[in-house]
Structures are given as structure tokens and as C-alpha cells.
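The next block holds one structure in the form of C-alpha cells; read it before the comments.
The values are calculated or read from the model by the stated rules, or taken from the named source; none is laboratory data. No experiment lies behind these values; they were computed from the predicted model shown. So basically every Cβ, Gly included, is an ideal-geometry build from the backbone, and we count neighbours across all protein chains shown. These accessible areas exclude ligands, DNA and RNA; they are computed on the full protein's heavy atoms, side chains included. Shrake-Rupley method; radii C 1.70, N 1.55, O 1.52, S 1.80 Å.
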Amino acid sequence: MKYLLIFIVLFSAINLSAQNDGWNITTNQNTDYTGIAIANGRIGMLTSAKPFQIQHVVLNNVYDVDPVLKVSQIVHGMNFGNLDVVIDGEQLTENNITNWQQHMNLKEAAFTTSFDFKNKAKISCKVYALRNVPYTGYIDISIEAQQEIRVKVTGKIQTPENFKKPDHKYEVLKDVETTMPILQSVAETPFGKHLVSTSATFIWHTINSSREKERPELTAAVTTDYTNTLTFEKTVNPAESLDFAWTAAECTTQDFNDPKSESERMVIFNLLNSKEVLLKQHRTLWEELWEGDIVIEGDLKSQQDVRLALYHLYAFGRGDSDLSIAPMGLSLQTPYNGHIFWDTELWMFPPLLVFNQNIARSLVNYRSDRLEPAKQRATNYGYKGAMFPWESDDTGEEATPPFALTGPFEHHITADIGIAFWNYYRVTQNKKWLTEKGYPLLKEVADFWVSRAVKNTDGSYSINNVVGANEFAPNVDDNAFTNGSAITALKYAIRAAQELDLEANPEWENVANAIVIHKFKDGTTKENKNYTGDIIKQADVNLLSYPLNIINDTETILKDLKYYEPKLSKDGPAMGKSIFAVLYARSGNVDKAFSLFKESYVPNQQQPFGALSEVATSNFSYFATGAGGMLQTVLFGFGGLDFTEQGIIQKNPVLPKEWKSLTLKGVGPTKKTYRIDR
């Protein structure tokens, strides 16, 4: 589908006494501020504490070049989400407003900022990234006059100053009696890879905005080389409100042959549609998403944290895109340049597979659509099958900066993808997909591991010179998780062949049964062949117990937990302790599991909404990988869910003493409900 971004700003009243409950997070704190993402799987906007502003717009799957590292980087597009509002000659800023409040409604994916301006007006601004029109945003704002006021509003298209050849225009298109005022800016991305076109206009809800005689007079001006503006003025009487919209469409040559014309068409589409219809459709689609939900009774903070995490996974993905989710989702360009890592398959994919198989299908299809570059990469490095990149972009080629050893050596990503593919089939039983997409990829993954493994003199197999999940130990032999994930992927390829009545390569089983997992003398699993007890970046060995289930006897699971928990780096990523929490919950140690559950994300939460950063010392929002980890603790630890050949089953759920009950709604294709009570 062609790429398009639309954004609407609408103005109408809300209840200023916003709720603070399981669906709503409200704050009055506008300092020490980290925004959250308002997104719909195609576009992402990062919220700001400043009135009438968003920090930036992220365009999904539109890449240019990182100016420092010279690898691909997801694009921050033209920012059309900022307006200047002037009342009686005074521009509204964070310095002259009072009673500032922001409120995130997770159920409707709506973000509201409200405040007062002196004794003159009450203002609210509600932001949506419309789910129903997947490249659009929608902001509903009301300026309610308490005395007669003169309001001046300027909508802006702000082109990033590193864009090239900016060109601005304003024109009024006409079809019979319908007139359509269009502001437009066109420029090239910083290294010229894409042409970007943004078109915009105003909409007034109480008049016919397409009738020139009815709407306020519009004035266009190019105020800088990178700023195109459109302005109107209006007198508002006491007890009346000004309700209007600013709508914009942003299209690129990543997705359109003619982005200039398409951006105009989409603005016209919004100009001539009502906000009531659009918002109803948006809410209906989010209601369908929330059929997959987690309900926690007795602990409001945990409920809000869990729903905010699940909201972001839903907001960053779509079931109709065949795109994946980057570690920072659609919230930021850096860190990680919007690339796709193992974060998707190992951390975000399992919760989405539980609750929304359509989004899960997009994530796996993103990989199958890039199978050919992975096969070529394996050939380039002297292997068989497919060797997926550690960091992937729109091309499917390796996008890791050359200095990073993860690019040429962190090979477990290929196994992680294969594991996700078989789990998708286990849950959906979609044999057509398995035939056309699933098995062709699993076969190439298995062939890669057969060629990658080296036979030892005793008949066992090693996988040497790798970077494992513990990236603190590069270029090691027989990393535990790499070997374990390879074993699992090989066995899953065999099962997939059997499911389709195909003959599996006998070498898949021979190698899978003989890959070595090294142990200390007391039976504790070694992180790699020569591991001596160093601090580790994140869970590695313990991933063999969950999710791989290679180590499944309680004694060894607990022995590995006891050994590696104190070796986790204090500066490691947010999701590290979530694996430990799952394993303690499954072993019945609920108090320990709950403590680790909180430790897995609370230190990484940022004010004022609890947005997750990757590590406690940064404020980059929103770290979707961490969201996936903490959700797995709830689903696969406390909730007792598991992926099996029979689909999703529940066994041995447990309930933290801090919670009265835990309910998992909309699980699997049949939308089952599981409830755990005290």
C-alpha cells in the first residue's frame, strides 16, 4: 500500500475533570516531561508538554540515511502538528496558561491537553492517530470564550532544516461550487532518498468549510525557508466556543509515485468528511483491539502500566501493513534508527500473538517478504539457507553500523524468526500461510543452522564465534541462547515439514540433537563455552528455560536462576528481569516473581505518564521491547499461558498477593477469557 500520512487538528469541548483509572492516566506535571506516542501503525506523534504542539512525526518504513553512522535511519517527517494560537494579541504558551492538565484515554487512544488562558478562555486539545484512516491523525480542540475574544490561529507545515530543496505553495482548488484551500510543502529527505509532500487545510465544524463565502478569510505566508503557514482570525462571543480542524496529509515516494497530488487528495477527503463519522470508526477499531485485554483488580498502578504497554504495542502495529515494530516503535528516530531487531520476535511478538493474530501476522510477513535478501546474505558469508540481518530496514539487508560486532556475528536472530513463525502457526493453524510463507522460511532457517554448526570430534556440534543475547561477551563459542534457539528452530522446521507431509532434511534432526549446551561441574548452565562468571547484559542462559523450554526440570531452572540473577547488569535493558519473573512465577515463587516484575520496568518509567525507556538512566520513549517483556510476565508467568501444539493453553496460573484478580480477555483466535481469583 502506498505511504501516506494525514493529521487533523479539531477543536471541541471535553470534561476538564479527567479521570484517573484503569483506562485513563491524568497528570498536572509539565516539567521533567517525557512524552508518549500517539500512533496507529503507520504514523507516530510524540506528545509535548507545550500547548498546541507535538515533538515530531515518525513515518513508518520510510528510511533515509543516518548522518553520523551512514546507515539507514527512519525519517522524522515534516511536522504539521504545531499551531500558533493568539488571543487578543497574546500568543498562548506554557508561560501564560494555568490549570494545565494532560490525560491519556487508553481505551479510545486519545490524548488531551487542557488549560485556561487568564479569565478569557478555556481550551482543550485532543489528539488522535486515526486507526480507521491509517495515515491520519485527528486532534479535537475547543476554545471556549469567557468574554469576547479575538482569536488568531496559524497552522504550520514545518520542514526539518536538514531536508533539501524545500518548496512551498498555497492554492484554492475548485470543483463546481466546492472550494478547497490547500497549503503544501515539498522537499527531499536529507540525503535525497525520498520526496516528501505535505498538504494541509483548516476545517470549521459549524459551517460548510468548502464554501468560500462561509469560512473565515485565509492568509498564507512562507515565514522561513522551512516554514509554510496558513492563518485565520475569528471573534468569539462570551459563552461561545470556536470549533475547527487543521488537517494535513504527508506522502512520500517510498509509497507514492505522485506524493504531491496524493497529499492534496487526502486533505480534501478529510475536508469533506465529518469528524463524527471518522471518530466513531476510530473508536470502533480500538474497541476491537481491546477485545484483547488484561484486567487487574486491586492494583491501579499495575493496571495502568500494563495497559499503557499493551496500548503501545497495538499503536505501533497493524494487521494490514506487513510491517514490523522497531524497539522504539513509532516514537523516536534514535536510538536504533527505526531498525527491526530480535526485539520484535522474542519480546513484542508473543503478547501480540496472544491477543491479536492479525498484527502478529504482519510481523512474521515482514520477515517472509525479506527472505530473498536473507538468502543472499547467507551466500555472501559462505553459508546455506537464509541469514537474517541483526538490524533490518525496508530493504531487508543488514543495517547495523559497521563498527558493531552484532551485525556480522549476532546470528540468533535467524533462529528467533523461525521460532516466531512456528508459534504463529501453532496458534492460528493457518495451513495456507504455513505452505506459502511459513515453511519456505523455516526450511531456509534450518538449512542455515546446519551449515553454521561445526561438528566436533566427539560427534557433537558447536556454533562458534558468535555474539549472543549477552552482548557483553562478543565472539564466543557455544553461546547458550544461540545454541538453544538454533536447536529449537531446527526442531520446529521438522514439525512444519511433517505438518505439510513433506520430507525434512535428515541433517536438521542430526544437528539439532547434537548441538552442545555447556555446563559447570555442578550442573549450572554456562553462558558460553569459556564463561567464568562475568556480569551479563541481559537474560541469556535463562531463555533456555523460557521461552525455549530446553531446560525444563525444576532443579536446573532454579539453579540457573540463582546463579544468573545477581549477574544481570544494573545498566541492562528493561526487559531483562521479566524472564526471571516468568520463571519464578512458573516455579510457584509468586512474591519473588512480582518483585522482579516490578524491577523489570518501574526503574525505567519516565514522568509523567510512566513511559518506558530502555535503561533507567535515559528518557527515550517509548521502549516497546520493555513493554513486551513486562507483558510476558503477566501472560506467561502469572497468567500461566503457554504456546503448544494444541495452541494457547493455560497451566498453573498464580496471583500476586497485591492483586485481587487477574483476567486475560480475548486470548487466541477463539477469544477465550481466563480469570485468576484469590
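Given THR457, THR400, which one is open to solvent by less than 40 Å² (accessible area, probe 1.4 Å), part of a loop (DSSP other than H, G, I, E, B) and modelled with pLDDT of 95 or more?
When all the criteria are applied, what remains is THR400.
Pairs needed: first member in the range 205-224, over 14 Å from ASP243 (Cβ atoms); second member anywhere, assigned to a strand (DSSP E or B) and of a type in the set (Asp, Glu); C-beta distance under 8 Å; at least 6 residues apart or different chains.
Once the first residue is over 14 Å from ASP243 (Cβ atoms) and sits in the range 205-224, its partners that are assigned to a strand (DSSP E or B) and of a type in the set (Asp, Glu) give GLU217/GLU233.
Quick grid of which residues meet (1) buried (at least 24 other Cβ atoms within 10 Å of the Cβ); (2) closer than 30 Å to GLN632 by Cβ; (3) touching a residue at least 12 places away in the same chain (Cβ under 8 Å):
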| site | (1), (2), (3) |
| --- | --- |
| GLN254 | no, no, yes |
| SER261 | no, no, no |
| VAL267 | yes, no, yes |
| LYS280 | no, no, no |
| GLY292 | no, yes, yes |
| GLY298 | no, yes, yes |
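Only one residue in THR223, THR247 is in a strand (DSSP E or B) and at pLDDT 90 or above. Which one?
Testing whether each residue is in a strand (DSSP E or B) and at pLDDT 90 or above leaves just THR223.
Going through ASN542, ASN510 one at a time, which residue ends up being without any contact (Cβ under 8 Å) to a residue 60 or more places away in the chain, open to solvent by less than 70 Å² (accessible area, probe 1.4 Å) and either assigned to a loop (DSSP other than H, G, I, E, B) or of a type outside the set (Ser, Thr, Tyr) (or both)?
ASN542
Mind checking which residues of the range 314-335 are modelled with pLDDT of 95 or more and either over 28 Å from ASN132 (Cβ atoms) or in contact with a Leu (Cβ under 6 Å, 6 or more places away or on another chain) (or both)? Spell out how you get there, then give the answer.
Within the range 314-335, the first condition is being modelled with pLDDT of 95 or more, and the residues that meet it are 314-331.
Selection gives TYR314, PHE316, SER324, SER331.
Can we say GLU276 is assigned to a helix (DSSP H, G or I) and either within 20 Å of GLY137 (Cβ to Cβ) or free of Cβ contacts under 8 Å to residues at least 12 places away in the same chain (or both)?
Yes.
How many residues does the range 116-169 hold that are part of a loop (DSSP other than H, G, I, E, B) and under 34 Å from the mean Cα position of the chain (by Cα)?
Qualifying residue count for the region: 14.
Please state which of the following conditions ASP478 fails to meet, knowing it meets all the rest: (1) acidic (Asp, Glu); (2) at negative phi; (3) buried (at least 23 other Cβ atoms within 10 Å of the Cβ); (4) touching a Lys or Arg at 6+ places or on another chain (Cβ under 8 Å).
Tallying (1) acidic (Asp, Glu); (2) at negative phi; (3) buried (at least 23 other Cβ atoms within 10 Å of the Cβ); (4) touching a Lys or Arg at 6+ places or on another chain (Cβ under 8 Å), ASP478 fails exactly one: (2).
Checking the condition open to solvent by less than 60 Å² (accessible area, probe 1.4 Å), assigned to a strand (DSSP E or B) and free of Cβ contacts under 8 Å to residues at least 40 places away in the same chain, which residue from THR229, THR198, THR179 passes?
Matching residue, one of THR229, THR198, THR179: THR179.
For LEU16, all conditions in the list (1) at pLDDT 50 or above; (2) surrounded by fewer than 23 Cβ atoms within 10 Å (Cβ to Cβ) hold save one; what is the number of the exception?
(1)
Would you point out which residue out of LYS193, LYS234 is assigned to a loop (DSSP other than H, G, I, E, B), at pLDDT 95 or above and either touching a strand residue (DSSP E or B) at 6+ places or on another chain (Cβ under 6 Å) or open to solvent by less than 30 Å² (accessible area, probe 1.4 Å) (or both)? Working first, answer last.
Values: LYS234 fails: assigned to a loop (DSSP other than H, G, I, E, B).
Criteria check complete, one pass: LYS193.
Among the helices (runs of 4 or more DSSP H) lying completely within the range 323-395, list those that include at least 1 residues that are open to solvent by 30 Å² or more (accessible area, probe 1.4 Å), free of Cβ contacts under 8 Å to residues at least 60 places away in the same chain and closer than 16 Å to VAL445 by Cα.
Of the helices (runs of 4 or more DSSP H) lying wholly inside the range 323-395, those with at least 1 residues that are open to solvent by 30 Å² or more (accessible area, probe 1.4 Å), free of Cβ contacts under 8 Å to residues at least 60 places away in the same chain and closer than 16 Å to VAL445 by Cα span 371-380.
Having 3 or more residues that are open to solvent by 10 Å² or more (accessible area, probe 1.4 Å) is the bar; report the strands (runs of 3 or more DSSP E) wholly within the range 569-678 that clear it.
641-644, 647-650, 672-677
If you check THR98 against the conditions, is it crowded, with 20+ Cβ neighbours inside 10 Å and either acidic (Asp, Glu) or modelled with pLDDT of 95 or more (or both)?
So THR98 fails the test.
Can you report the number of residues in the range 644-668 which are closer than 23 Å to VAL427 by Cβ and either out of contact with any strand residue (DSSP E or B) (no Cβ under 8 Å at 6 or more places or on another chain) or among the polar types (S, T, N, Q) (or both)?
Matching residues across the range 644-668 total 7.
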